[in-house]
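Here is the structure we will look at, set down as structure tokens.
The values are calculated or read from the model by the stated rules, or taken from the named source; none is laboratory data. All of these numbers come straight from a predicted model, not from anything done at the bench. For neighbour counting, all protein chains shown are included, and Cβ atoms are generated from backbone atoms with ideal geometry for every residue, glycine included. In case anyone asks, the SASA skips ligands and DNA or RNA and just uses the protein heavy atoms, side chains included. Shrake-Rupley method; radii C 1.70, N 1.55, O 1.52, S 1.80 Å.
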Amino acid sequence: MHAIDDLRHAVRSLRRTPGFTLVAVLTLALGMGATTAIFTVVNGVLLRPLPYRHSERIATIWHDFGDGAQSLPAIHQLDLYDYADRSQVFEEFTIATGREAIVRIGEEPVLLRQGRVGWNFFRFFGIEPAAGRQIRSEEDVAGGPAVALVSHQLWETRLGADPAALGRTLLIDGREHDLIGVLPEDFRLRLPAEAFRLTHSDVWVPVQVDRRRVPPRNYTGYTGFARLAEGRTFAEGQEEMEALAAGLRREHPEHEASNLKVRIVPLHQDIVKPVRGALALLLGAVFLVLLIACANLANLFMVRGNSRARELAVRSALGAGRRRLAMVALSEGILVALAGTVLGLVLASGGLRLLLAIRPAGLPLLESVRIDAAVLAFSALACVLSVLVFSAVPVLQGVRTDSSESLRERSGSATRSQRSFRNALVVGELALSVVLLIATGLLIRSFGALVEVDPGYQTRGLLTARVSLPAGQYRSPESRLAFLDSLQASLARFGEVESVAVVSQLPLAGSGPLQPFAYDEDSAREWESVTADQRQVTPGFFRTIGATLLAGREFDTSDIDGRRRVIIIDDRLAELAFAGRDAVGARLQIEPSHVENRFAEVVGVVRHLRLHDLTRPIHHQIYFPFLQSPGRNFSLVLRTSVDPEALAPRVRTELQSLEPDMALANLSPLERLVTAARGRARLTLLLMSGFGVVATLLALIGVYGVLAYSVSQRRHEMGVRMALGASPGRLRRLVLCQGALLLGAGLGCGLLVALGFGNWIAGLLFEVEPSDPATFLTVAVLSAVTTLVACWLPAWRASRVDPNAVLRME
């Protein structure tokens, strides 16, 4: 009953001081809102299990072919079948790959991603179709029936969500497929960033591997998944797979030559590894913001506790025990914490809706981010801890109150230990804000370097599109070459189009095929010990994208003769293979030693293009003439003299008039791919900047509060000083010096902590050292200026004290 009375009294007390209540609630709401929002992201991305059956036991299978060669979650189909036959630690395996396909639904051909999967693929992940059935084992055989499942989105948008669509025939790459099922609305295939060929798709068909007609085992075009048997560990699985890989090396020369290594990586860990460091940094940052908010509230409640010292003393004198006094002091903190937490949840919910609307590139599992029971439990725990942090000192003040001494003292006065503790809180706030500002400054410098990085090509003025030609009309290479001639002639008539080229895969558009090569006896003997990114390009491609040709020439129409094998390589490969020699005219081995026509002549050297990651080169690069083996699927690149977006509708119309059955996708500027590649860094920077600003504002409010309270406590002293002849300027300097001492202590501690935590953020930086002097100096100056500005108003008020009025009051 006493507790209810105390809470009622606290409500009345807070209503009588709306200014204090509003500041306290908003301060905590900012800290709680930011912390809850980031924890929600961390929970959805890092902590919540994947929505698959026994997802904690699912792993991806990586094949590594040595230093400088392939290291991808990509395997040969026969290798996976061998693992499935021989494994004792894993209870089930499945396989999948993917490609683009032209799907005709009605009259319009659409270029879609097609997943080609083992018959047990959806059963492996525990996915039951929303309608229809799964693939059967007898359908996943070479020459088996053509059946397909579609995504729920495709079923709704293209098939009108019509249940009668089951059993309907879909034309996929010119072949009729029976539609047997519709996948659940919430199903999405989640994969590591390095996944090769396989992506989340709209159409799914059985892989139907013909074991008699497969390429050599070093052609790894499939993604393999394995699930541990119950009670087994990934360490046991890794040990077994290493033993199985040793067996494959003994049985197959290509694996022995490449020294095949197998890695088993938990699927969830594989998916989130690119963002784990950034999310850990953001979570640490918001905890610092929450600590600063709690420190501010502790200062506020200490002042409020001092002003209520007489009230607590009277209660004590009338017989109130220590427990009752503690509840009196704690009750207001509980109410503020509850209100701040509820408002923080509202702010977090709004921030998450904004994040989901932006859909930042590079943040996996975004669809799993939501406020759930775990987030609410975290908020409740944070609320309780916040109460304990910012109410502890006022509570201790209350229970230790000496009633006789408090009744004699002037109301609102603070002891020396209380003043020291308040100063320590402000120093801590300043130090934490400096740490956050330094982290933000380092990220700003890093992002600036990322924006300025030269990817090896010019992105402005480039319009790109993904093109797929129907298989029926374009079976022969001659027909595809004829189409390319027509396409280039047609687009050349556009006055805004300066040049046109074709590439097998655009930069920053995912992993592409790798090309083994050899440049000496060792690499020839250990075939696939080194590999390069492989791209096929048409004449004029490097000129169109603005790449730098360092030596030799681009491809031309004379290179159409496939009997003369010619290639263009990047400068990194040229340095590796032909160090100190002229690479142009030299020969590079691009086929195993048993192949007769295994060498290709280098006709050009181009500066390295950043095809995967803007921050660093990944693989060497080999470019082949597209005209020698033209495919049906390729990317179109147009350099324009106008805004590519404005030209896109005309290009679409022209291409569709050339070939109505052609599928066209991703008609957009190349700059979008580059922007997406910077997405994760941009998001981290924006959030850290927000936290840094909030932390700094809270710290400055803390400095202002301490000095303002100090001035109010020393009004009599100030009045006496002025009466004795002290000038207003001297009083201002007195207060500013007090603020400078707090600033110096906070700045020094913050700089030392930031130096100590430098390695924590190093992995997120690009071309910036964690101890970057320019960043540390800038933050120090900025903190000093803003803190002294916050000190100015209390100092000005101190200089405006009227000594006559103060002395009369005394």
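Can you tell which of 249, 197, 168, 213 is in contact with a Leu (Cβ under 6 Å, 6 or more places away or on another chain), open to solvent by 20 Å² or more (accessible area, probe 1.4 Å), closer than 24 Å to residue 514 by Cβ and not β-branched (Val, Ile, Thr)?
On the way: 197 fails: in contact with a Leu (Cβ under 6 Å, 6 or more places away or on another chain); 168 fails: closer than 24 Å to residue 514 by Cβ; 213 fails: in contact with a Leu (Cβ under 6 Å, 6 or more places away or on another chain).
That would be 249, the only listed residue that is in contact with a Leu (Cβ under 6 Å, 6 or more places away or on another chain), open to solvent by 20 Å² or more (accessible area, probe 1.4 Å), closer than 24 Å to residue 514 by Cβ and not β-branched (Val, Ile, Thr).
List pairs: first residue in the stretch 266-278 and closer than 19 Å to residue 682 by Cβ, second residue charged (D, E, K, R) and part of a helix (DSSP H, G or I) anywhere in the structure, Cβ distance under 8 angstrom, at least six positions apart or on different chains.
So the pair list comes out as 274/680; 275/680; 278/680.
Taking residue 174 as the residue in question, decide whether it is farther than 25 Å from residue 51 by Cα, of a type in the set (Gly, Ala, Ser) and modelled with pLDDT under 90. Give the steps one after another, and end with the answer.
Numbers: farther than 25 Å from residue 51 by Cα: yes; of a type in the set (Gly, Ala, Ser): yes; modelled with pLDDT under 90: yes.
When the stated conditions are applied, residue 174 passes them.
Among the numbered conditions (1) surrounded by fewer than 18 Cβ atoms within 10 Å (Cβ to Cβ); (2) more than 20 Å from residue 688 (Cα to Cα), tell me where residue 743 comes up short.
Among (1) surrounded by fewer than 18 Cβ atoms within 10 Å (Cβ to Cβ); (2) more than 20 Å from residue 688 (Cα to Cα), residue 743 violates only (1).
Based on this model, can you work out whether residue 585 counts as modelled with pLDDT of 90 or more and in a strand (DSSP E or B)? Steps first, please.
Numbers: modelled with pLDDT of 90 or more: yes; in a strand (DSSP E or B): no.
No, not satisfied.
Anything in the stretch 746-781 that is closer than 20 Å to residue 448 by Cβ, open to solvent by less than 90 Å² (accessible area, probe 1.4 Å) and free of Cβ contacts under 8 Å to residues at least 12 places away in the same chain? List them, or say none.
Within the stretch 746-781, 762, 781 meet the criteria.
Quick one: would you say residue 792 is of a type in the set (Phe, Trp, Tyr) and more than 27 Å from residue 448 (Cβ to Cβ)? Talk me through it step by step, then tell me what you get.
Details: of a type in the set (Phe, Trp, Tyr): yes; more than 27 Å from residue 448 (Cβ to Cβ): yes.
When the stated conditions are applied, residue 792 passes them.
Considering (1) surrounded by fewer than 20 Cβ atoms within 10 Å (Cβ to Cβ); (2) hydroxyl-bearing (Ser, Thr, Tyr); (3) out of contact with any strand residue (DSSP E or B) (no Cβ under 7 Å at 6 or more places or on another chain), say which one residue 684 fails and leave the rest.
Looking at each condition in turn, residue 684 falls short on (1).
Can you tell me which residue within the stretch 352-404, out of those that are outside any loop (DSSP other than H, G, I, E, B) and among the β-branched types (Val, Ile, Thr), is modelled with the highest pLDDT?
If we filter the stretch 352-404 for residues that are outside any loop (DSSP other than H, G, I, E, B), which is where we start, we get 352-358, 366-368, 373-399, 403-404.
Within this subset, residues satisfying the condition of being among the β-branched types (Val, Ile, Thr) are 358, 375, 384, 387, 389, 393, 395, 399.
Details: 358: 76, 375: 91, 384: 85, 387: 79, 389: 74, 393: 61, 395: 56, 399: 48.
Top of the filtered list is 375.
Scan the stretch 216-233 residue by residue and report those that are surrounded by fewer than 17 Cβ atoms within 10 Å (Cβ to Cβ) and either at pLDDT 90 or above or not in a loop (DSSP other than H, G, I, E, B) (or both).
229, 230, 231, 232, 233
If you go through the stretch 330-366, how many residues are over 22 Å from residue 672 (Cα atoms), open to solvent by 60 Å² or more (accessible area, probe 1.4 Å) and of a type outside the set (A, V, I, L, M)?
1
In the stretch 151-185, what residues are in contact (Cβ under 8 Å) with a residue 40 or more places away in the chain and assigned to a loop (DSSP other than H, G, I, E, B)?
151, 173, 174, 183, 184, 185
Just for the stretch 17-73: of the residues that are of a type in the set (Phe, Trp, Tyr) and at pLDDT below 90, which one is surrounded by the most Cβ atoms within 10 Å (Cβ to Cβ)?
Pass one, the stretch 17-73, residues of a type in the set (Phe, Trp, Tyr): 20, 39, 52, 62, 65.
Now narrow it down to the ones that are at pLDDT below 90: 20, 65.
Working: 20: 18, 65: 26.
This residue is 65.
Looking at (1) open to solvent by 20 Å² or more (accessible area, probe 1.4 Å); (2) in contact with a Gly (Cβ under 9 Å, 6 or more places away or on another chain); (3) not hydroxyl-bearing (Ser, Thr, Tyr), find the lone condition where residue 92 falls short.
(2)
How do the pairs read when you match residues in the stretch 10-32 that are over 17 Å from residue 388 (Cβ atoms) with residues anywhere that are part of a helix (DSSP H, G or I) and among the aromatic types (Phe, Trp, Tyr), using Cβ under 8 Å and keeping only pairs 6 or more apart or on different chains?
14/20
Only one of (1) touching a helix residue (DSSP H, G or I) at 6+ places or on another chain (Cβ under 6 Å); (2) free of Cβ contacts under 8 Å to residues at least 24 places away in the same chain fails for residue 580. Which number is that?
(1)
Within the stretch 433-464, take every residue that is assigned to a loop (DSSP other than H, G, I, E, B) and open to solvent by 30 Å² or more (accessible area, probe 1.4 Å) and give me the one that is modelled with the lowest pLDDT.
454
What number goes with the only condition from (1) in contact with a Leu (Cβ under 7 Å, 6 or more places away or on another chain); (2) under 22 Å from residue 516 (Cβ atoms) that residue 608 does not pass?
Result: residue 608 fails condition (1) only.
Take residue 786 and decide whether it is under 28 Å from residue 434 (Cβ atoms), open to solvent by less than 30 Å² (accessible area, probe 1.4 Å) and modelled with pLDDT of 75 or more.
Numbers: under 28 Å from residue 434 (Cβ atoms): yes; open to solvent by less than 30 Å² (accessible area, probe 1.4 Å): no; modelled with pLDDT of 75 or more: yes.
Considered against the rule, which asks whether it is under 28 Å from residue 434 (Cβ atoms), open to solvent by less than 30 Å² (accessible area, probe 1.4 Å) and modelled with pLDDT of 75 or more, residue 786 comes out as no.
Working only within the stretch 41-86, note down all residues that are closer than 21 Å to residue 237 by Cα and of a type in the set (S, T, N, Q).
Listed by number, the residues that qualify are 55, 60, 71, 77.
Looking only at the stretch 120-133, count how many residues are surrounded by fewer than 21 Cβ atoms within 10 Å (Cβ to Cβ) and assigned to a loop (DSSP other than H, G, I, E, B). Quick ask: steps written out before the conclusion?
Initial filter on the stretch 120-133 (surrounded by fewer than 21 Cβ atoms within 10 Å (Cβ to Cβ)): 120, 123, 126-133.
Within this subset, residues satisfying the condition of being assigned to a loop (DSSP other than H, G, I, E, B) are 120, 126-130, 133.
Residues in the stretch 120-133 being surrounded by fewer than 21 Cβ atoms within 10 Å (Cβ to Cβ) and assigned to a loop (DSSP other than H, G, I, E, B): 7 in total.
Just to be sure I understand, how many residues within the stretch 101-112 are farther than 10 Å from residue 203 by Cα and part of a strand (DSSP E or B)?
So in the stretch 101-112, the residues farther than 10 Å from residue 203 by Cα come out as 102, 104-111.
Filter once more, so that each one left must be part of a strand (DSSP E or B): 102, 104-105, 108-111.
Residues that pass the stated criteria total 7.
Among (1) surrounded by 14 or more Cβ atoms within 10 Å (Cβ to Cβ); (2) hydrophobic (A, V, I, L, M, F, W, C); (3) assigned to a loop (DSSP other than H, G, I, E, B), which single condition is residue 579 missing?
Every condition holds for residue 579 apart from (1).
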